[in-house]
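Worksheet: one structure, shown below.
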Amino acid sequence: MTQYAALVRHHDHGTASRIGDKLEAARGKVEQRFLEGGNVLLSVMDVLNRLLASLDNISRSLETGSADDTMADLLATVRNLSDLPQIQSSRQTHLEVLAKAGGGMRTHVADMQETMRYLQTFAVTVKITGAGLPEFSGFAEEILERIRSGTGEVNSFATQLAALEKELSLARSFGTNISKQYAQTVPDVAKALENDVKTITEHRKKLGVIAREVSVLARGIQSKVGTTLSALQIGDITRQRIEHVQAALSMLDTCLDGDECKVLDFDARGRLVNIIHHLCAAQMVEMVEDFQRDSRNVVQTIASFGGDTQEILNLRAQMQGNGSDGQDNVMRALEESVTKALGIVKQVEAASLKADQVSQSTTETASRLLEGIGNIRGVKMDIHYMALNTNLRCSRLGEAGRSINVVTGELRIFAAKLDESADAIVGGLTQLDTAAENIASAGSAGSLQLGERLNGAVSNIRTTANAMEEELANLSEHGRRVASQISLMIAKLDFQHDLGEILATCADELCDIAGPDIAGAEGLEAILGGLSQRVFKTYTMVQERNVHNAVIPQIEAFAPLTAAPVQAAQSDEDLFEDALF
């Protein structure tokens, strides 16, 4: 029995079945492993998409104009705070003017009080002097009553002016304390707020830079994942090529059992088996080389994910701050500064309220004092005319009325002095009114709704910060899941372990069965040509056709086993694309 006849016997006794079982096991593992790998890659792609969505949200939050507007509002509020010492100084100046105007009137009021005492003395003298003249007794009592009334007006005027001066003294003391507090706190608080705004702005810029870096890394991984997904076609290619080898062995069995091979002796059948075994072995060897090369590239690409994901985790930690310079600490510093600023704002409100009270009280007092001056002028006019009438009467009485005439002349002279004091007081009241208006204006300028603006600015910043924290938390979770999924993927897509070994074992066994030399095809042209053509039709990849044409001799009786030429692949991706042709 020739060696080829023995091959037929060996093949018929289970070779095809044994090899077929191993190939089927290999095909099943390839299909399962690559299906799992594809699912893991798709999961990674999904997490990457969510990671990129979080990054986009962060970028939009950082780029929004409202955040810049809020910072601008806060800076404007800081400038208003910085103006408070000057505003308070201006208010104190107006209070000093007010106090000076009140103090200036005090002298004139004292003069009026002194004048009223003299008038009262003269009126009593008139009453005593005219006691013997019945026609003057009623007049003396009447003029005395008017002088007493005027004295009451002047004393009331003095009392109100004293109350105003006391109020002004308290206001000035309060304002002095406020000025000291402003000097001690406003510069530091304003500087702290400015620093906080600067810190938050720099923090936002830093987050923006890191977000862009993470985005670049994530999109790089995304691209690699896409490339790896494409490269996983090697699994489908390998599965198909295994099926084609299985089909070739099955077609060989069918051919050997068919009528066309009955005319062949054992030697010819053995040569036919040898040729097909060589074809299958060559296909397996080529397939194993392609698989190991391409799967090695896939594993190397996946391994490069590790560095990228670690860098994403490092950048994510920087974005969160790790408790050192993160968003929370920035916000806490800002809120502390704003709390101090709000304390100043309460002082502003208190100072403004006090200024408003002083202004209103001064205006009301000035109005009452002006009315009192009018009353005093009225008393003066009454005294003047009453004294004038008395002078006229006395002139008719001759020597009896001379002494009364002298006294009433003095009444008229001293009553005129009331006008001089009244004129001076009216000028002082005008100064009071003007100073009161200036205080009201300064008080209004000092409020500026600082509390509302500070609270509004911090509220806006907190809202933005909360949104940012939520997105950073999402980013952290997605970053962690990316790292976790990629670690899982590296384990799932280790194709060299088990798969490469199984395929290599099948290839080695087919090579051993085929032997070192391929048998001749003399006398097998018709049968081998038909079988070769049927096997050739199963191929879907150009590599398979090339291997087939290299193994099966070009026999004239064979039908042409050629396909349209395909340009040699220049890269792994090109090779996969060509393989699908």
Each residue of region 41-46 in turn: what ³J(HN,Hα) in whole Hz from Karplus with 6.51, -1.76, 1.60 and θ = phi - 60°, glycine and Pro shown as x? 4, 5, 5, 4, 4, 5
Note, ³J(HN,Hα) from phi for region 93-104, Karplus 6.51, -1.76, 1.60, rounded to Hz, x at Gly and Pro: 4, 5, 5, 4, 4, 4, 5, 5, 4, x, x, x
Would you grab the residues whose amide H sits under 5 Å from the one on Ala519? Only those 5+ places off in sequence or on another chain, please, with H modelled 1.01 Å from N. Ile275
On a full-extension model of 0.36 nm per residue, what is the gain between Arg480 and Gln357, subtracting their alpha-carbon distance, rounded to one decimal in nm? 38.0 nm
Can you list the HN-Hα couplings for region 276-287, worked out from phi with the Karplus curve (6.51, -1.76, 1.60; θ = phi - 60°), rounded to whole Hz and with x for Gly and Pro? 5, 4, 4, 4, 5, 4, 5, 5, 5, 4, 4, 5
Of the listed pairs Lys100/Lys127; Lys180/Lys205; Lys127/Lys166; Lys29/Lys537, those with alpha carbons more than 31 Å apart are Lys100/Lys127; Lys180/Lys205; Lys127/Lys166
In nm, spacing of pseudo-spin labels at Asn455 and Gln300 (7 Å Cα→C-beta vector): 6.5 nm
Efficiency by 1/(1 + (r/R0)^6): what FRET value for Ala53 and Thr93, r their Cβ-Cβ distance, R0 = 35 Å, to the nearest 0.05? 0.05
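Just so you know, all these numbers are worked out from the coordinates, no wet-lab data involved. The shown structure was predicted, so the numbers you read here are calculated from the model rather than taken from an experiment. Note that each Cβ is placed from the backbone with ideal geometry, even for glycine, and that neighbours are counted across all protein chains shown.
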